[in-house]
Each structure stands twice: as C-alpha cells, then as structure tokens.
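Worksheet: one structure, shown below.
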C-alpha cells in the first residue's frame, strides 16, 4: 500500500510504501509543544520505504532518551512532516495528521504516559 503525506501547503511531501513498523502515541511534553495538542502520533516506517520531495528545514533536539531527534518541517508553512529519532536507527516517523487519508492507521502503543494529560483516554482494543 502507498500512503501520501504532506505539509499544510503541500510543498513538502512523503510517500510511504508498505505497512508501518508501528504507530505510537507520545504524551511527552516535547510532543505536546511540537503539535500544540495533548500528544503527537508517529507512524514509523523503515527508511527505505520512504520517498520525500520538496524543500525541508531541520530542527535537532535531545529527546528524553538523551539521544537526538531530527525533525523535518516545511520552510513555507512550518508543518512538521517527519522525523528521525537516533534511538530508532533505520526508522522514519511521519506525523499521522499529515497523511492524506489517516483513517486506516491506528496507534499500536502509547509512550510517556507519565506526561499524559488526565482527560486523555485511548482505547487500543
């Protein structure tokens, strides 16, 4: 299956071939800040499943693991489209909300639950 994802203005895009390795809801404070929401959702693919097009800017920060995470975002609209966590060698995370049709994607795990906002309730059943 081919899945297309893009930023808000469409300038930066990514095509993912095949099924994701995992889909993770992250409740860490950094993801809350990055998304402006209660959590972020990362759809992880093997790097060789991905094809990107368009210009991107990069932001690197240290994650809670102490290792770096490189975020790629559109220089025109600012949308974070994908990122590469150093602790997940060979995997690329794509923001679930950037997919043209995210309806077939569902989280398989939830991480950093200690930062989860009390009103957030997720059902993985």
DSSP-defined antiparallel bridges as percent of all bridges, the chain, nearest 5: 90
The chain - percent relative contact order, Cα under 8 Å, separation 6 or more: 31
Alpha carbon centroid spacing (whole Å) that separates the stretch 80-107 from the stretch 33-71: 7
Cα-based equivalent ellipsoid, the chain: semi-axes from gyration tensor eigenvalues, Å: 21, 17, 15
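Every number here is computed from the coordinates shown, using simple stated rules; none is lab data. Computed from a predicted structure; not experimentally measured.
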